[in-house]
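Chemist: Take this structure, written in structure tokens, and hold onto it; I'll ask about it next.
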Amino acid sequence: MLFYIAGVLIVAIGVLLSIVLHETGHFIPAKLFKVRVGQFMVGFGKTLWSRKSHGTEFGIKALPLGGYISMAGMYPPMKPGGKAQTASAGFFQTLVQDARQSSADTILPGQEDNVFYKLPIWKRIIIMLGGPLMNLVIAIVLFAVVLCVFGTGVNTATVSSVSQCVLPATSTRTTCPAGYTPSPAAAAGFKTGDKILSLNGTTVTSWDQATAIIQRSANKTLTAVVERDGADITLTATPQLSVRDELDANGQVVKDAAGNAVTHNVGFIGIAPTIQVEQLPLTAVLPSVWTQTTAVAGVIINLPQRLVGVWNAAFSSAPRDATGPIGLVGVGRIAGQIATTSQATIGERFAGLLQVLASLNIALFVFNLVPLMPLDGGHILGALWEGLKRGFAKLFKRRDPGPVDTARVVPLTFAVVVVLGAMSLLLLYADIVKPVTLPN
């Protein structure tokens with residue numbers, strides 16, 4: 001239990017620091033560009049602690065589910081000639097008016113130029129990109145520590161186990177039935193500990209290379225040279241044909257226009273690799289970060305479908321997709337499981353927790369770039385749209401249209417917040433009743 005609590009606390013503190021650094025990524029360029037920052041807060045709700053320094057109130061709020069900095073003049077004032085809303089205005093119109101008023105209230109007398117909306121477009125983009133890029137930097141550093149210092153499990157060309165028979169994919173048996181047909185590997189004489197040196201004359205240097213050769217050799221004779229007890233032994237196997245689902249870059253099953261899984265034929269012989277922890281070079285860090293980033297992007301692009309899956313799992317007997325979205329409770333549970341894995345050393349457990357934090361920062365990086373307010377990507381899109389309008393006006397020698405009235409999309413911002421809140425509640429419930437668990 002002590003290790004479980006320690007794992008949860010390590011990840012919780014890591015998430016808190018990631019939030020602080022994300023907001024610091026916004027705060028530093030904002031101050032460099034002379035924008036007044038009234039607040040730097042971690043969390044939402046009631047303020048538990050705060051302290052003012054150099055014109056900024058730094059504090060911690062009751063619900064540590066995010067953070068924010070309050071910059072002066074986030075929304076431009078209403079354009080001259082615009083019609084102010086009356087007391088009888090609708091709910092969404094009132095939201096727009098309140099947003100403009102709240103923005104105006106952050107501008108102090110004599111500091112009318114130290115506001116966000118008056119900055120050049122490129123400076124606004126830098127400020128809003130600062131937070132997500134900070135998460136990306138954190139992820140890169142953590143991945144570098146995990147891969148290059150602690151190392152990671154790599155499939156080697158050494159056989160860890162040999163299947164004695166071939167069982168259907170739907171079978172739940174753990175032993176071979178009477179009168180079974182030996183697997184191709186068992187029939188060929190493969191044994192645990194064999195190191196594959198070559199297949200059909202091709203030198204094998206990795207498990208992935210061996211797998212690729214075996215998969216394309218279905219129903220063909222395959223000559224393997226293995227090292228066993230210091231001697232080279234030649235074995236002959238015929239990979240059996242198997243039908244496998246096609247997977248995309250994110251590990252998801254590819255489906256055709258009719259919604260059916262796309263399959264392909266591969267060969268297999270029934271051997272598994274030995275996993276060995278190896279320290280990887282720095283050149284392996286960025287590809288790993290890219291792989292994780294594209295995987296997270298795939299989840300976000302298919303988020304509505306993924307959330308339907310979470311709903312079905314939470315309110316039925318359907319299984320929970322381990323690669324789908326999870327909430328903070330689920331992350332904490334996984335952290336506790338990693339910390340209590342008896343098969344791993346203390347160092348391997350700590351590396352696992354760092355990898356969880358790295359993955360979370362990748363998720364924060366990608367999610368915050370979604371072009372919807374109140375996310376950072378929404379503000380970046382607003383700045384780019386303003387640049388496009390002003391560029392066209394200058395090209396066609398028209399009057400400068402001025403800043404884009406981003407306050408007009410506050411109703412959409414409200415809707416996004418409601419959806420995010422509902423999503424958080426769904427994930428919270430699913431993490432409690434149908435949690436994602438690590439494989440044994």
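Chemist: Leaving out ligands, DNA and RNA but keeping every protein chain, what accessible area does residue 74 have, in Å² rounded to the nearest 10, with a 1.4 Å probe?
Modeler: Roughly 40 Å² of residue 74 is accessible to a 1.4 Å probe.
Chemist: Now a separate question. Report the extension gain between residue 343 and residue 141 in nm, rounded to one decimal, defined as 0.36 nm multiplied by the number of residues separating them, less their alpha carbon distance. Please list the in-between numbers first.
Modeler: Details: separation 202, 0.36 × 202 = 72.72 nm, distance 2.62 nm.
Here the answer is 70.1 nm.
Chemist: While we're looking at this one, here's another question. What are the residues whose amide H is under 5 Å from the amide H of residue 165, where those residues sit 5 or more places off or on another chain and H is modelled from the backbone?
Modeler: Here the answer is 183, since their amide H atoms fall under 5 Å of that of residue 165.
Chemist: If you don't mind, another one. Run through the DSSP bridge list for the chain and note the antiparallel percent, rounded to the nearest 5. The partial results should precede the final answer.
Modeler: Values: 42 of 46 bridges.
Taking every DSSP beta bridge within the chain, about 90 percent pair in antiparallel fashion.
Chemist: Grab the Cα-Cα distance for residue 44 and residue 12, subtract it from 0.36 nm times how many residues apart they are, and report the gain in nm with one decimal. Walk me through the numbers before you get to the answer.
Modeler: Working: separation 32, 0.36 × 32 = 11.52 nm, distance 1.64 nm.
Going from the current span to full extension adds 9.9 nm.
Chemist: Nearest 10 degrees, 0 to 90: what angle lies between the long axis of helix 285-301 and the longest principal axis of the chain (Cα atoms)?
Modeler: For helix 285-301, the angle is close to 70 degrees.
Chemist: Taking the Cβ-Cβ separation of residue 112 and residue 419 as r and a Förster radius of 56 Å, what is the calculated FRET efficiency to the nearest 0.05? Don't jump to the answer; show the numbers that get you there.
Modeler: Values: r = 35 Å, r/R0 = 0.63.
That gives a FRET efficiency of 0.95.
Chemist: Students often forget the sequence filter, so: which lysines lie under 16 Å Cα-Cα from residue 34 once same-chain residues fewer than 8 apart are removed?
Modeler: 118, 123
Chemist: Return the sequence-ordered ³J(HN,Hα) values of the stretch 67-78 in whole Hz as given by the Karplus equation 6.51 cos²θ - 1.76 cosθ + 1.60 applied to θ = phi - 60°, using x for Gly and Pro.
Modeler: x, 6, 10, 9, 9, 5, x, 5, 10, x, x, 4
Chemist: Take the stretch 1-61, drop everything but the C-alpha atoms, weight them equally and run the Debye formula without solvent; then report log10 I(q)/I(0) at 0.17, 0.20, 0.22, 0.26 Å⁻¹ to two decimals.
Modeler: -0.67, -0.83, -0.92, -1.09
Chemist: Describe numerically, in nm with one decimal, the distance between label points set 7 Å from Cα along Cα→Cβ at residue 149 and at residue 205.
Modeler: Distance between the two pseudo-spin positions: 2.9 nm.
Chemist: So what are the ³J(HN,Hα) numbers for the stretch 224-229, from phi and the Karplus equation (6.51, -1.76, 1.60; θ = phi - 60°), rounded to whole Hz, Gly and Pro as x?
Modeler: Whole-Hz 3J(HN,Hα) from phi for the stretch 224-229: 10, 10, 10, 9, 9, 6.
Chemist: Further, regarding this structure: Counting other Cβ atoms within 10 Å of each Cβ, which trypsin sites (Lys or Arg not before Pro) in the stretch 331-432 have at most 16 and sit in a DSSP loop? Kindly include the intermediate steps, with their values, before the conclusion.
Modeler: Numbers: sites: 333, 349, 389, 390, 394, 397, 398, 399, 408; in loops: 397, 398, 399.
Answer in residue order: 397, 398, 399.
Chemist: Please compute the length gained on full extension between residue 303 and residue 223, using 0.36 nm multiplied by the number of residues separating them and subtracting their Cα-Cα distance. Don't skip to the answer; put the middle values down first.
Modeler: On the way: separation 80, 0.36 × 80 = 28.80 nm, distance 4.59 nm.
Computed gain between residue 303 and residue 223 is 24.2 nm.
Chemist: Residues of the stretch 25-80: accessible area per residue at 1.4 Å, in Å²?
Modeler: Numbers: 3120 Å² over 56 residues.
Here the residues of the stretch 25-80 average 56 Å² of exposed surface.
Chemist: Further question: In the stretch 135-152, whose amide N lies under 15 Å from the spot 7 Å out along Cα-to-Cβ of residue 282? List them in ranges.
Modeler: 140-149, by backbone N distance to the label point.
Chemist: Given 31/389; 46/434; 195/220; 191/255, which pairs have Cα atoms separated by over 29 Å?
Modeler: Working: 31/389 27 Å; 46/434 31 Å; 195/220 21 Å; 191/255 37 Å.
The pairs that break the limit, which is 29 Å between Cα atoms, are 46/434; 191/255.
Chemist: Still on this structure, please answer the following. Taking the chain as the reference, fit the longest principal axis to its C-alpha atoms, fit the long axis of helix 91-105 to the helix C-alpha atoms, and give the angle between the two in degrees, 0 to 90, nearest 10.
Modeler: Between helix and principal axis, roughly 70 degrees.
Chemist: Considering only the other residues whose Cβ falls under 11 Å of the Cβ of residue 200, what net charge follows from Lys and Arg at +1 and Asp and Glu at -1? Please list the in-between numbers first.
Modeler: Working: positive: 216, 220; negative: none.
Spelling it out: positives minus negatives among the neighbours equals +2.
Chemist: Tell me, what % of the accessible area of the chain is carbon and sulfur with a 1.4 angstrom probe? Write out the running numbers ahead of the final one.
Modeler: On the way: 15610 of 24800 Å².
Exposed carbon and sulfur together represent 63 percent of the surface.
Chemist: Given H placed on each backbone N at 1.01 Å, which residues far from residue 154 in sequence or on other chains put an amide H within less than 5 Å of it?
Modeler: It is 276, 277, 278, by chain and number.
Chemist: Here is a follow-up. Using r as the Cβ-Cβ distance of residue 91 and residue 28, and R0 as 41 Å, what FRET efficiency do you calculate, to the nearest 0.05? Can you show the working numbers first?
Modeler: Details: r = 37 Å, r/R0 = 0.90.
With a Förster radius of 41 Å, E is 0.65.
Chemist: Here's a follow-up. On C-alpha positions alone, give me the angle between the axis of helix 376-395 and the longest principal axis of the chain, in degrees, nearest 10.
Modeler: 60 degrees
Chemist: Largest first, what is the accessible-area ranking of 4, 75 with a 1.4 Å probe? Intermediate values should be presented prior to the final figure.
Modeler: Working: 4 75, 75 45 Å².
Ranked from most to least accessible, the order is 4, 75.
Chemist: For an R0 of 22 angstrom, estimate the FRET efficiency from the Cβ-Cβ distance between residue 52 and residue 98 and round to the nearest 0.05. The partial results should precede the final answer.
Modeler: On the way: r = 25 Å, r/R0 = 1.14.
Between residue 52 and residue 98 the formula returns 0.30.
Chemist: With the other protein chains left in place, how much accessible area per residue, in square angstrom, belongs to the stretch 302-418 at a 1.4 angstrom probe?
Modeler: For the stretch 302-418, the solvent-accessible area averages 54 Å² per residue.
Chemist: Kirkwood hydrodynamic radius, computed over distinct alpha-carbon pairs, for the chain: how many Å, to one decimal? Walk me through the intermediate numbers first.
Modeler: On the way: mean 1/r = 0.0384 Å⁻¹.
Mean inverse Cα-Cα distance, inverted, gives 26.0 Å.
Chemist: So which aspartates and glutamates pass the test for residue 397, namely a Cα distance under 20 Å, with those fewer than 8 places away in the same chain ruled out?
Modeler: Within reach: 386.
Chemist: With the crude spin-label approximation of a point 7 Å out along Cα→Cβ, what separation in nm comes out for residue 318 versus residue 265?
Modeler: That separation, rounded to one decimal, is 3.3 nm.
Chemist: At 222 nm, what value in deg cm²/dmol follows for the chain if DSSP H runs of at least 4 each add -39500 (n - 2.57) and the sum is divided by all its residues, to the nearest 500? Walk me through the intermediate numbers first.
Modeler: Details: 11 runs with 192 residues, N = 440.
That comes out to -14500 deg cm²/dmol.
Chemist: Accessible area, 1.4 Å probe, largest first: how do 241, 32, 199 sort? Provide the component values of the computation, followed by the final result.
Modeler: Details: 241 80, 32 125, 199 5 Å².
Ranking 241, 32, 199 by accessible area, largest first, yields 32, 241, 199.
Chemist: Something else now. Please express the Cα-Cα pair-distance distribution P(r) of the stretch 1-135 as a list of whole percents, one per 5 Å bin, running from 0 to the bin with the greatest distance.
Modeler: So the P(r) values, bin by bin, are 2, 9, 15, 17, 18, 14, 10, 7, 3, 2, 1, 1, 0, 0.
The values are calculated or read from the model by the stated rules, or taken from the named source; none is laboratory data. Everything numeric in this text was worked out from a predicted model, so none of it was measured. Positions of Cβ are backbone-derived with ideal geometry, glycine not excepted, and every protein chain shown enters the neighbour counts. Accessible surface areas use protein heavy atoms only, side chains included; no ligands, DNA or RNA. Shrake-Rupley method; radii C 1.70, N 1.55, O 1.52, S 1.80 Å.
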